[in-house]
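Coordinate-derived values only; no laboratory data. Fair warning: this is a prediction, and the values are worked out from it, not measured in the lab. Neighbour counts run over all protein chains shown; Cβ positions are idealised from the backbone, glycine included.
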């Protein structure tokens, strides 16, 4: 058998099989659970993050042993990792495109005479022959979020939800006006001017407090030429039609929503941020008034994502009894073009990835001596590796407490994601509901928030960077202190950091483990400054830890990092470290471990961590 055919049989064909099976199985599960059973899973989570990250599992299980057949050598030994990464990306890209295509291709268009005909089960797309988009009874939700590396940007959002109403009269339930043929008087409800005939179907006789009809010069004198056919003035018992009482009495069956956004530097002063938001709010108000919401080809029902979450909060602020409203966004393109060229790009991306993989396995030399060592049962070998990894949770492991702490933090994050709260970032109100530290509530008797807040994080990068920073310090500290002292130091420093946070930040929600992690660094610094503990590369580790702490504290001067929690945890850790030095017996030497580090910051501007 030729050298080339061996590469094809042992490396290229397995890649094709793994890729096709992964894309097929993942797409089927997406269709079954998200589309068919309508499980409330985040669109970003299913379509992007899981689709991009999960291919690493089959790559490590089935392709990594076969990559070893290639002679891959460089000075740093990074080529095997590069091959695994390319294989993962070659599978992930067509998987992501396939999920987007799945939504549009399986989405069915339902055409209704008016919105009152909508019923469950719901379809993805809707067309309406008659409708009225009510811009007077809008629901609004204003929010801010941080983005970028180290939360360098502050993003403003204004989410607006408008009731979608029928545009036909309802003699059996609504107000009926017998108007002369061709006459179109304007309608004024509680002082607000509407188009002729609009909103009549939502006004019941029992809701009317008074009604006056103006004609001729009396109407035009007040409302201009638009009232040439007269004006009908209605005063409702609920008062201003934009208030919640009116909407509670006339709950819309669907909402048309739109989002306005603006991004700016997060390093500006609070006054500058407030001024920028007021300007953004003013411009948005003008844009909304001028926007014609009735111009659309069809309506797209929004899946579970951050936009829908914000729209839902706006609606529930207006009508607190609404649980699962139908939320639409407009589409101004022909329905037939909804999928674009996604199907074509599924095959293109797969073909490009396969071609790159083929080129990569052809270039290096083949290690013929390793062919017989190709594992016949890669799954069994992989399960053994997983079991070895999970062994860190065993009672005899040197890093058992660290593994438990990391596991708890990741578990809370995963539960929040599957609860539909977000993925990249969470809203400050949700963080508060899940145990965030907030001075009025904490000092009002909810002292448990001092502890729970250190296991809640503001988003994906926040939790990952914090756990990375914890892992570094744990390499040296947990074997040195022992499980009980190490766990006690972590929890005490975390609680003290939470106390420092609410002392300095009276109106923000404090979350994140970085205060506790800074405390562990404080313990490490205290012990490294003594002559009792012998750690390999002790001087270099001491200098690195000091530089690391200084850099993070200086970064916190930008205003979007909770330095109060960091400093509080650090000082507490120093005191605990010297207590351990003077009053406890510690091992005199710790075995050398790999040095890696980083940490994340507690988020400010609504959340601190």
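Annotations for the structure displayed:
- Spacing of the modelled spin labels on residue 17 and residue 468, each 7 Å from Cα toward Cβ, amounts to 3.6 nm.
- In this label model, residue 529 and residue 228 are separated by 8.7 nm, measuring between points 7 Å along each Cα→Cβ vector.
- FRET E, pair residue 82, residue 217, Förster distance 60 Å, beta-carbon r, rounded to 0.05: 0.15
- Fully extended contour minus Cα-Cα distance, from residue 53 to residue 270, at 0.36 nm per residue: 74.4 nm
- Here the extension length gained between residue 3 and residue 73 equals 23.3 nm, from 0.36 nm per residue of separation less the Cα-Cα distance.
- Pairwise FRET efficiency - residue 547 versus residue 365, Cβ, R0 = 51 Å, nearest 0.05: 0.75
- Where a label projected 7 Å from the Cα of residue 348 along Cα→Cβ would reach, residues of the range 97-117 with amide N under 20 Å: 97-105
- Peptides 473-481, 490-498 ordered by packing proxy, namely the average of other Cβ atoms within 10 Å per residue, highest first: 490-498, 473-481.
- Potential lengthening of the chain between residue 33 and residue 324 amounts to 102.9 nm, from the contour at 0.36 nm per residue minus the alpha-carbon distance.
- For peptides 119-131, 507-519, 279-291, sequence by mean Cβ density within 10 Å, most packed first: 507-519, 119-131, 279-291
- Nearest-0.05 FRET efficiency for residue 140 and residue 111, computed from C-beta distance (R0 25 Å): 0.25
- The protection proxy used here, the mean number of other Cβ atoms lying within 10 Å of each residue, ranks peptides 441-451, 268-278, 156-166, 5-15 as follows, highest first: 156-166, 5-15, 441-451, 268-278.
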